[in-house]
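Step one of this worksheet: look at the structure below.
The values are calculated or read from the model by the stated rules, or taken from the named source; none is laboratory data. Remember, it's a predicted structure, so these values are computed and weren't measured experimentally. Please note: Cβ atoms are built from the backbone with ideal geometry, for glycine as well, and neighbour counts cover all protein chains shown. Areas reflect the complete protein model, heavy atoms only, side chains present, ligands, DNA and RNA absent. Shrake-Rupley method; radii C 1.70, N 1.55, O 1.52, S 1.80 Å.
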Amino acid sequence: MQRYFVNEQQKDQTFLLGKEDSYHIQKVMRMKVGDLIEVVYQGRVFHCLISTLFPLVIAEISSEQQEDRELSISVTLVQSLVKEQKMDYILQKATELGVCAIYPYQAERSVVKVGEKSDKKRQRWQSIVKEASEQSKRNVIPFVGDVLTLSQLCRMTNYDFCLLCTVNEKEEILKKVLSKCQKGDTMIVIVGPEGGFSEGEEEALQEVGFLPVSLGKSVLRTETASSFLLSAIRYIDME
Ligand code: SAM
């Protein structure tokens with residue numbers, strides 16, 4: 001069943017869908033009055049019947065579903081800025097795999113500079129994670145933050161686990177770190193750009209408490225690193 005996220009519930013136990021979702025239901029899915037859809041509101045999942053199609057779709061609650069597909073560890077990914085297509089891919093995969101929030105980071109060696117276009121980019125990124133959340137049937141849409149600078153990132157240490165993925169680390173492997181995690185823990189993970197972190201960045205981040213961590217013996221592409229990490233967390237979540 002097709003899933004849609006809404007921000008508001010009407011007083012009469014119905015949901016009014018937005019313009020884009022209404023268009024999707026009317027023109028792409030070619031649904032009719034009486035068809036069933038899933039609506040997610042504040043993390044709760046409802047089966048709803050379409051009662052009105054035009055101009056905007058109205059869906060009536062038929063039942064609430066007790067389902068939670070979220071990871072038991074809340075993971076915030078800080079992804080160094082990379083080229084558009086790679087960034088889109090990372091956002092999509094991280095969302096499918098259960099990330100809670102994503103912050104782009106303007107790393108020293110990021111070849112892409114967002115600059116003045118950051119609002120437009122952020123909107124685009126937010127719509128990618130919304131679609132990926134619907135497709136993967138998440139209960140929540142991950143938050144996409146503003147592009148961070150190093151000094152902003154250095155202040156983001158209010159998590160149970162603060163990890164810096166670096167190819168320079170050999171001893172502290174991910175498996176060791178994950179064995180210490182418990183349900184409900186929060187984790188922030190930083191992944192470098194194609195050219196890796198500079199020495200200065202690694203030093204600054206370690207100084208404020210980020211733990212350097214290895215993702216294994218191979219050097220992974222930046223777009224593989226977050227998927228590998230989130231897959232590992234998802235795997236331990238299944239035990
Ligand atoms: N030559 C670069 C360097 O020296 O860092 C390689 C960068 S790698 C292509 C991109 C990013 O993915 C790294 O900065 C790191 O965050 C992450 N990464 C890739 N492989 C990793 C590994 N085996 N362990 C930890 N992090 C890794």
| note | Computed for the chain: size of charge dipole around the Cα centre, +1 on C-beta of each Lys and Arg, -1 on C-beta of each Asp and Glu, debye to nearest 20, value 600
| Counting DSSP beta bridges in the chain, what percent are antiparallel, to the nearest 5? | 40
| request: For Glu60 and Arg155, calculate 0.36 nm times their separation in residues minus their Cα-Cα distance, and state this gained length in nm to one decimal. | output: 29.8 nm
| remark: Connecting every pair of Cα atoms under 10 Å apart in the chain and solving the GNM, the largest mean-square fluctuation among Met31, Met187, Met87 falls on Met31
| With all protein chains modelled, accessible area of Lys93 [1.4 Å, Å²] | 50
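Loop only by DSSP, 12 or fewer other Cβ within 10 Å of the Cβ. Give me the GluC sites (Glu not before Pro) in the stretch 169-232 that pass, ordered by residue number. Don't skip to the answer; put the middle values down first.
On the way: sites: Glu169, Glu171, Glu172, Glu194, Glu199, Glu201, Glu202, Glu203, Glu207, Glu223; in loops: Glu169, Glu171, Glu172, Glu194.
In loop regions of the stretch 169-232 (DSSP not H, G, I, E or B), the sparsely surrounded GluC sites (Glu not before Pro) are Glu171.
Just the number please: accessible area per residue for the stretch 16-140, 1.4 Å probe, all protein chains included, in Å². Write down the numbers at each step before the final one.
Working: 6600 Å² over 125 residues.
Solvent-accessible surface per residue comes out at 53 Å².
What is the percent carbon and sulfur in the accessible area of the stretch 74-237, measuring with a 1.4 Å probe over the protein chains and ignoring ligands? Walk me through the numbers before you get to the answer.
Working: 4150 of 8320 Å².
It is 50 percent, rounded to a whole number.
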| Sequence-separation-based contact order of the chain, relative, with Cα cut under 8 Å and 6+ spacing, percent | 20
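Quick check for you: with a 1.4 Å probe and neighbouring chains kept, what is the accessible area per residue of the stretch 183-231, in Å²? Write down the numbers at each step before the final one.
Values: 2300 Å² over 49 residues.
That works out to 47 Å² for each residue.
What do you get for trypsin sites (Lys or Arg not before Pro) in the stretch 143-194 restricted to DSSP loop and a cutoff of at most 16 other Cβ within 10 Å of the site's Cβ? All intermediate terms of the calculation are to be shown ahead of the outcome.
Numbers: sites: Arg155, Lys170, Lys175, Lys176, Lys180, Lys183; in loops: Arg155, Lys170, Lys180, Lys183.
Passing sites in the stretch 143-194 are Arg155, Lys170, Lys180, Lys183.
Counting each DSSP H run of 4 or more residues in the chain as -39500 (n - 2.57), what helix-only mean residue ellipticity at 222 nm follows after dividing by all residues, to the nearest 500 deg cm²/dmol? Provide the component values of the computation, followed by the final result.
Values: 7 runs with 72 residues, N = 239.
After summing the helix terms and dividing by residue count, I get -9000 deg cm²/dmol.
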| request: Report in % the part of the accessible area of the stretch 3-65 that belongs to carbon and sulfur, leaving out ligands and nucleic acids; probe 1.4 Å. | output: 49
